[in-house]
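**Q** The structure follows.
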Amino acid sequence: MIGTYAAALAVCVASLAIGQAAIALCGRRGWSWTAGPVGLAILCAVCWATVRLPGDGQVSAIVVLALLAASLAYLQGRGAWREPFTQGWPVFVLAALGASLPFIVEGHFGILGTSFNPDMSQHLLAADQLAHGHSGQLIRQGYPLGPHAIVVTLDKGLDIGLVKGFSGLTVAVAVLAPLSALAAFRDRRALPRTAAALLVGLAYVVASYFAQGAFKEVMLAFFLLGFVLFLRESAREPVASPLRFVPAALIAVGAVYTYSFPGLLWLLGTAVVWALVELLRHKRPSPRLTKSSLIACGVLIVLIAPEIGRMIDFHKFETFDPNGPGLGNLFGQISPFEALGIWPSGDFRLAPGDGAVPAFVYYLGAAFATALFFYGIWRCRRGRETVLLSGLFVAAVGYLAARLGGTAYTAAKAIEIAAPLCALTILLPLTHEAAWRFPLAMREKGATAAWVAFVAVAGLCSALALANAPVGPSTYTPALAAMRPLVEHGSTLILASPELLEDDHGTNYLAWELRGGRVCIATHEEVGGDIPAGVRYVIVEGSRHRPPFPGLRPRKVLSPYVLWEVKGPIAARSACPLIAVRQARQGPAR
């Protein structure tokens, strides 16, 4: 618990301080709630640039500490902390409580989303390789590893371990996103401001992806939200500095180091559509605005230039193959109505009626949210919320492209990334029209009632998704994956503790690490005294001097695992099931 929260607090403080310093250096006075995405984006770029230097991540920790100290010194005496404390502390506390729901329900801390998505095992392996200067499959394939570099930096700086580092980073993003949403509601009263910010930052699909430990998608949704809010703030409160758009460029840099070129497409698409809309409105571009835009583009190009080669390699990744494992951990296409925030299910993958709630409740909630969504679009259009509508348009195009030309897996990601903007479209006009005084005019009564109903129902759906998140092993080592080449030509029995398999949801991780072969996973009591037919290898935690069965010889020791090999002949037919890559992704049964 201490390690997870220490990592989350460190990321939050560093992101807010470094982001605010960057925004202030670019000419903006006063506090900006978009400091969070700007600062986190800077951390992604800085940590990735320094984590591969000698020192196994220690240089990254030193650089980040120096950058944080310099940012705090620069902000000292500027009066930039009063507003974030008075407005932000309720959102900070409630968002942290919401992000803690999975751990509270499960009763322990550990890896998020183990029975939903076993991919964290690969992220932990990549982070471990990154920390020790080794090259792994994800690194060679151009996979974006900015968040992994942050986790390695947290591990070296706080000595907390990679599992707590990933959990802390994920919790931090779940806290920073609602804080950033305050930029749209900062002139509202405390109750509507806090509730609206929480629902935008922790919209239902975002909460669902948080519940399955999908930190990359949560981070990209956060960056897109922060990008839109920063451009909106810049349009409403322009500054004279030619660097006015540089913070937006920095957010785009963070999206690249988190999500590679797809992340850049979402943000640049929003900027291009917004620029075209503004050009049509004003007919002639301002020379000062053009200069600021060109400087921001130059900063973006310079900072992502080292990643261009890896971005080219990443386009071959299996996720982009329409003929590949297109479902991932899904059961089928998920409904785009989930992006609107009302979906009364703890598992976002379920179709209406497949859970405990009748199907008509889903349709009723979706109809209500859809009506508010189109009303929000109409009100935003009248209020000239061109940045938000541009981001929403790009999000819709991104979803349609993924749905028609991609896979169910990529389409679901597109829905999650768009969810905060959909919630903002619904809540922005309602929050401004709702009244908290009496008596109320008829229009104020309608807006207030709609606001209360949406916040209550959508908030309950997000809480349900968070409470349903499984929490897996609190400790993890990538040693098991390193044994895969040794056991690929024979069936393997993994002996694990009942606590790991039943309480910590460890079955998915063990199967994922040895995917591609025949694997039996069981406790020693379940196996008894006989090794299953056809098993050549046995993997167990413990000492090499005490074989779990007679007739075994030690083959390899990679702490805490010991690989044993059967001495004599084995049956030609194995009793162990084949664990294919796609099956492992979907969570194989033991």
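No value in this document is a laboratory result; all are computed from the given coordinates. On a predicted model such as this, the values are computed, not experimentally measured, just so you know. We place every Cβ from the backbone using ideal geometry, glycine too, and count neighbours over all the protein chains shown.
**Q** For the chain, take the longest principal axis of its alpha carbons; what is the angle in degrees between that and the long axis of helix 386-405, to the nearest 10 within 0 to 90?
**A** 30
**Q** Determine the alpha carbon to alpha carbon distance for each of Lys164/Lys567; Lys164/Lys413; Lys216/Lys283 and list only those over 29 Å.
**A** From the list (Lys164/Lys567; Lys164/Lys413; Lys216/Lys283), the Cα-Cα distance tops 29 Å for Lys164/Lys567; Lys216/Lys283.
**Q** OK, next. Cα gyration tensor of the stretch 1-133, axes a ≥ b ≥ c as square roots of the eigenvalues: rounded (a/c below 1.5), prolate (a/b > b/c) or oblate?
**A** Taking the square roots of the gyration eigenvalues as a ≥ b ≥ c, the stretch 1-133 is oblate.
**Q** Under unit Cβ charges (Lys, Arg +1; Asp, Glu -1), what dipole magnitude, rounded to 20 debye, does the stretch 479-585 have relative to its Cα centre?
**A** Computed charge dipole of the stretch 479-585: roughly 680 debye.
**Q** Right, next: Check Cys520: other-chain or 5+ apart residues with amide H under 5 Å from its amide H, H built from backbone geometry?
**A** So Cys520 has HN proximity to Thr492, Leu493, Ile494.
**Q** Among 254-261, 508-515, 282-289, 175-182, what's the highest-first ranking by average C-beta atoms within 10 angstrom per residue?
**A** Ranking, from highest mean packing down: 175-182, 254-261, 508-515, 282-289.
**Q** About the Cα centre of the stretch 31-141, how large is the charge dipole given +1 on each Lys and Arg Cβ and -1 on each Asp and Glu Cβ? Please answer in debye to the nearest 20.
**A** The dipole magnitude comes to about 320 debye.
**Q** Now for a separate question. Please name which of Leu510, Gly542, Ser574 has its Cα lying farthest along the dipole of the chain towards the positive end, using unit charges on Cβ (Lys, Arg +1; Asp, Glu -1) and the Cα centre as origin.
**A** Leu510
**Q** Hey, what D do you get for the stretch 209-343 in µm²/s if you plug the Kirkwood alpha-carbon radius into Stokes-Einstein at 4 °C and 1.567 mPa s?
**A** My calculation gives 76 µm²/s for D.
**Q** On a 0 to 90 degree scale, rounded to 10, what angle separates helix 190-201 from the longest Cα axis of the chain?
**A** Once rounded, the angle reads 50 degrees.
**Q** Can you give the helix-only mean residue ellipticity at 222 nm for the chain, where every DSSP H stretch with n ≥ 4 adds -39500 (n - 2.57) and the sum goes over all residues, rounded to the nearest 500 deg cm²/dmol?
**A** -20000 deg cm²/dmol
**Q** Another question, if that's okay. Using the Cα atoms of the stretch 479-585 to build a convex hull, what is its mean projected area in square nanometres?
**A** Hull-based average projected area comes out at 6.2 nm².
**Q** About the Cα centre of the chain, what is the dipole size in debye to 20, counting +1 per Lys and Arg Cβ and -1 per Asp and Glu Cβ, all else neutral?
**A** Charge dipole of the chain: 1800 debye, to the nearest 20.
**Q** Can you give me the C-alpha center-to-center distance between the stretch 102-162 and the stretch 348-366, rounded to a whole angstrom?
**A** Spelled out, the Cα-based centre of one part sits 33 Å from the other.
**Q** Give the percent of DSSP beta bridges with both residues in the chain that are antiparallel, rounded to the nearest 5.
**A** Close to 60 percent.
**Q** So which cysteines of the chain have no other cysteine's Cβ under 4.7 Å from theirs?
**A** Cys12, Cys26, Cys44, Cys47, Cys297, Cys380, Cys422, Cys461
**Q** May I pose another question? Once both axes come from the Cα atoms, what is the angle between helix 162-181 and the longest principal axis of the chain, in degrees from 0 to 90, rounded to 10?
**A** 20
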